[in-house]
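I have placed the structure first, in the form of structure tokens, so that the comments after it can refer back to it.
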Amino acid sequence: MVGCPADLRADAERIWRAGVAAVAPERLIREHVVVDGNRLHVGDETMDMRSIERIAIVGAGKAAGAMAAALETALGPRLLAEKQVTGWVNVPADCVTPTVRVRLHAGRPAGVNEPRPEGVAGTQRILELVASLQPNDLCLCVLAGGGSALMPSPIAGISLHDKVAVTRLLAAAGANIEQLNTIRRELSLIKGGGLARACRAGRLVSLILSDVLGDPLHMIASGPTVVTEPATTEALTVLEQFRLLNAPAMASVVRYLRKKQLRQHEEGPGPVASDRRTGLQECVVTNLVIGNNATAVDAAGIEAVRLGYSPAMISANGPEGLAEDTGRHLAELAIRMHRESGPDCLVSGGEPTVALIEESRRGKGGRNQQLALSAFMELGDCTGIALLSGGTDGEDGPTNAAGAFVTADVVRAARGRQLDPRDYLSRDDAYHFFESAGGLFLTGPTHTNVCDLRIVVVDRE
């Protein structure tokens, strides 16, 4: 097939980008939201617009800004005016783009994936907006990966500082997104169905771009439109698992969770009193997943076939474990593919974790770069092999890279500069390794987010 490392690298990138294009919000919203005269079709549901007074659009996430803009386009100028469409959506600062009726609010700076005061302020505006709606109004919610950090609303007794400490300590310990969000839901007024409980509209339809493998609705953006039972015991178990129950920075959180656990024991099954909605007309809620990791993997596989490859495709349906282990496994598969007959391309989707070393020794990187560096150590001279691992949001950890390539050219450059991959890997400093070796994958914000996409292509000629 292709003999040049540059061609293999280019093919890997084309396949990756085709996967990401398939989960572009504009494309997904266009497929799932259609106006036909006085009827609004959302997924399999149809609503008569003559019975709707106003429409509000709210939400949060890395892709939520593009989703909101696409919703405005789908609704069209007539409905935007007739239904007095308004809205507020929290997005990263580098995802604020022009919109017609919906306010896109910078809920955090670019590259800072943790709750910030500006996110708290924006979330308060969202809660005020949905609480102002009436039974004959429609609320459309757009949710995407990153929504948990972009929509913070700490409960009484827990500060924003406490929530940041939780995020940092658990992420550094290697907690996966499900473990993180189990605790986030317990500490928030809006997560775990808080937005749905606050909404006074007659209908609430949530359009969800999933960044959680397997698409558990209560985990995506911590489930603001999915009313769930408290999981206080599970949250404490997560903290115990990572030996954080006695961490000084967690004292307020642990104290709150234990008090809440005691109240639940005293009051019996069901939500605690502060979480109950009483004396109010219930809002009918629909949650619709419009795109996920499998969507991207399938589209990437189609592009691989178009380029002449015979791909194998797999999208993980649960937590993957450590990035280093995933990288080694992909490298082993790449070597086997290069030596044996069968598929000559692997499209893999998932989201591994990274257990960070102490901050004083820590370098710079993200899970995709860590995965790629681990694979680098197994691939030898990488002749006839190209591997690309990238976050579909274009943002890998606190860096400006989406991920990294491993090719024969990158190996030669690293060896020529006498870079020691083991040293960089041990310091969580994959970014500077690949920066020096020419392997960084730089895309900028993609305005979507469905976990990670990894491409391996081989040349057996």
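The values are calculated or read from the model by the stated rules, or taken from the named source; none is laboratory data. None of the values given here were measured: they were computed from a predicted structure. Neighbour counts run over all protein chains shown; Cβ positions are idealised from the backbone, glycine included.
Return the residues of the stretch 360-377 that are in contact (Cβ under 8 Å) with a residue 12 or more places away in the chain and of a type outside the set (A, V, I, L, M); say none if nothing qualifies.
Hits for the stretch 360-377 are Arg361, Arg362, Gly363, Lys364, Gly365, Gly366, Arg367, Asn368, Gln369, Gln370, Ser374, Phe376.
Consider the stretch 291-331. How many of its residues are more than 16 Å from Val457 (Cβ to Cβ), in contact (Cβ under 8 Å) with a residue 24 or more places away in the chain and not small (Gly, Ala, Ser)?
12
With (1) over 18 Å from Thr407 (Cβ atoms); (2) in contact with a helix residue (DSSP H, G or I) (Cβ under 9 Å, 6 or more places away or on another chain) as the list, and Ser341 as the residue in question, which single condition is left unmet?
(2)
Yes or no: the stretch 122-142 includes at least one residue that is of a type outside the set (D, E, K, R) and under 21 Å from Thr446 (Cα atoms).
Looking for residues that are of a type outside the set (D, E, K, R) and under 21 Å from Thr446 (Cα atoms), one finds at least one in the stretch 122-142, hence yes.
For (1) assigned by TED's automatic domain parsing to the domain that holds Val285; (2) touching a helix residue (DSSP H, G or I) at 6+ places or on another chain (Cβ under 7 Å); (3) of a type in the set (A, V, I, L, M, F, W, C), each residue gets a yes or a no:
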{"site": "Asn181", "(1), (2), (3)": "no, yes, no"}
{"site": "Ala196", "(1), (2), (3)": "yes, no, yes"}
{"site": "Arg200", "(1), (2), (3)": "yes, yes, no"}
{"site": "Ser210", "(1), (2), (3)": "yes, yes, no"}
{"site": "Ile220", "(1), (2), (3)": "yes, no, yes"}
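Of the residues Leu388, Leu425, Leu440, only one is surrounded by fewer than 24 Cβ atoms within 10 Å (Cβ to Cβ), of a type in the set (A, V, I, L, M) and within 22 Å of the chain's Cα centre (by Cα); which?
Selected residue: Leu440, the only one of Leu388, Leu425, Leu440 that is surrounded by fewer than 24 Cβ atoms within 10 Å (Cβ to Cβ), of a type in the set (A, V, I, L, M) and within 22 Å of the chain's Cα centre (by Cα).
So which residues in the stretch 246-261 are farther than 10 Å from Thr232 by Cα, in a helix (DSSP H, G or I), touching a helix residue (DSSP H, G or I) at 6+ places or on another chain (Cβ under 7 Å) and not β-branched (Val, Ile, Thr), if there are any at all?
Ala249, Met250, Ser252
Among the strands (runs of 3 or more DSSP E) confined wholly to the stretch 46-132, which include 2 or more residues that are surrounded by fewer than 20 Cβ atoms within 10 Å (Cβ to Cβ)?
102-108
Restricting attention to the stretch 154-213, which residues are of a type in the set (S, T, N, Q) and part of a loop (DSSP other than H, G, I, E, B)?
Once the filter is applied, which keeps residues that are of a type in the set (S, T, N, Q) and part of a loop (DSSP other than H, G, I, E, B), the stretch 154-213 yields Ser159, Asn176, Ser210.
Please give the strands (runs of 3 or more DSSP E) falling wholly within the stretch 385-461 in which 1 or more residues are free of Cβ contacts under 8 Å to residues at least 60 places away in the same chain and within 28 Å of Val112 (Cα to Cα).
It comes to 403-406.
Would you please name the residue that is nearest to Pro445 (Cα to Cα), looking only at residues in the stretch 391-410 that are surrounded by fewer than 22 Cβ atoms within 10 Å (Cβ to Cβ) and not polar (S, T, N, Q)?
This residue is Pro398.
Restricting the search to the stretch 308-320, which residues are buried (at least 17 other Cβ atoms within 10 Å of the Cβ) and assigned to a loop (DSSP other than H, G, I, E, B)?
Tyr309, Ala316, Pro319, Glu320
How about the stretch 133-148: which of its residues are among the polar types (S, T, N, Q) and surrounded by fewer than 24 Cβ atoms within 10 Å (Cβ to Cβ)?
Gln134, Asn136
Being touching a strand residue (DSSP E or B) at 6+ places or on another chain (Cβ under 9 Å), among the aliphatic types (A, V, I, L, M) and closer than 30 Å to Val297 by Cβ is the filter here, so list the residues in the stretch 205-250 that pass it.
Val205, Leu207, Ile208, Leu209, Leu213, Leu217, Ile220, Ala221, Val226, listed by residue number.
Of the conditions (1) β-branched (Val, Ile, Thr); (2) crowded, with 22+ Cβ neighbours inside 10 Å; (3) closer than 24 Å to Val89 by Cβ, Val227 clears all except one; give me its number.
(2)
Listed here are the residues, each with its yes/no results for (1) touching a Pro at 6+ places or on another chain (Cβ under 7 Å); (2) not polar (S, T, N, Q).
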residue: His32; (1), (2): no, yes
residue: Arg39; (1), (2): no, yes
residue: Thr46; (1), (2): no, no
residue: Ile55; (1), (2): no, yes
residue: Val58; (1), (2): no, yes
residue: Ala66; (1), (2): yes, yes
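When only residues in the stretch 206-222 that are surrounded by fewer than 22 Cβ atoms within 10 Å (Cβ to Cβ) and touching a residue at least 40 places away in the same chain (Cβ under 8 Å) count, which is farthest from Met49 (Cα to Cα)?
That would be Gly214.
For the stretch 369-384, name all the residues that are of a type in the set (A, V, I, L, M) and in a loop (DSSP other than H, G, I, E, B).
Met377, Leu379
So which residues in the stretch 148-170 are modelled with pLDDT under 95, under 14 Å from Asn181 (Cβ atoms) and not aliphatic (A, V, I, L, M), if there are any at all?
Passing the criteria: Ser148, Lys163, Thr167.
Can we say Gly321 is modelled with pLDDT under 95, under 18 Å from the mean Cα position of the chain (by Cα) and not basic (Lys, Arg)?
In short, yes.
Please determine whether any residue of the stretch 264-286 is closer than 30 Å to Pro343 by Cα and modelled with pLDDT of 95 or more.
no
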